[in-house]
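K.L.:
I have a structure here, written as structure tokens, and I will follow up with some questions on it.
None of the figures in this text is laboratory data; all of them are computed from the coordinates on show. Please read these numbers as outputs of a predicted model, since none were measured by experiment. Glycine gets a Cβ as well: all are built from the backbone with ideal geometry, and neighbour counts include every protein chain shown.
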Amino acid sequence: MKNIETKWLYDFLTLEACRHFSQAAKERNLSQPAFSRRIKALEAAIGVALFDRTTTPLQLTEEGRLFHSQTRSLLQQLECNLGELNGQNLLGVPNIKIAAAHSLSLSVLPKLVNSLTAYGGEFIYHVEAIDVVQAVNTLREGKSDFIISFRDEDLMQSPFCCLKLFESELYPVCAADAQGQPVFDITQPQVPLLNYTATSYMGRLVNRHLAEVGGITGRTIFISSMSELLKNMALNGYGIAWLPIWSIIDELQTKRLICLDSAKLTVPIQAVMLPTY
């Protein structure tokens with residue numbers, strides 16, 4: 001393996017963050033020509049182009065995204081090890097960066113943090129609750145240590161490691177009337193529906209499922225990418241929403257929400273955790 005200088009790796013991370021050679025060179029206290037030569041030396045040493053220089057701002061290549069996630073983890077580990085050798089932790093308390101889908105961040109994440117804490121040690125958790133597509137991108141670009149997301153076939157392969165957390169379902173639910181019966185009949189024409197945005201993971205899942213089963217002639221009156229918002233709308237009697245079972249257990253037990261008993265309308269989902277190493 002060719003020699004790779006550590007400073008080149010820090011140059012690479014800085015350029016990825018800035019996406020401009022001039023700004024990154026300034027951050028690294030170098031002239032732009034000198035900084036550019038160091039990036040080219042790094043690319044020559046590993047044998048691949050890390051940046052697509054035809055775009056403005058710069059973008060990582062596929063190889064660059066993979067190298068970024070590995071480099072960030074490598075340097076963090078190196079700094080921690082050096083700190084331990086010198087009797088101190090240069091980074092202070094270790095940081096864990098997590099990107100999680102909105103609905104999973106509210107339900108799964110607290111249990112995961114509790115499990116990690118049980119192993120001992122002290123961590124600072126940096127959590128970003130975003131949609132599934134954004135969460136997947138943070139993993140590809142090496143901006144998170146791991147993500148908690150729904151299944152994505154593109155990530156079910158090397159170099160990512162997939163750990164299945166659980167499987168669950170989305171159920172069609174609505175508010176109950178005074179007699180504890182559902183206020184809406186999903187088989188009726190023009191029944192009000194509370195839908196996910198069409199481009200969201202949940203939206204694509206529900207819309208595809210409804211297209212397959214057919215027979216639903218409702219009208220969409222409310223759209224959101226957040227399942228918690230759809231749940232609140234359903235609780236207030238605005239319509240029928242497809243919600244993850246883990247988020248409505250209390251509401252079902254207290255009969256504030258009623259599950260519309262139609263097995264063909266349940267939508268199976270799977271949540272996964274994808275470490276970068």
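K.L.:
Starting with the fewest neighbours, write out 11, 250 ranked by other beta-carbon atoms found within 10 Å of each beta-carbon.
P.N.:
Fewest to most other Cβ atoms nearby, the residues stand as 250, 11.
K.L.:
Check each of the GluC sites (Glu not before Pro) in segment 1-46 and keep only those in coil by DSSP with at most 16 other C-beta atoms within 10 angstrom; list them in order.
P.N.:
5
K.L.:
Still on this structure, I have one more. Taking Cα atoms of segment 167-269, Rg/Rh with Kirkwood Rh, to two decimals?
P.N.:
0.92
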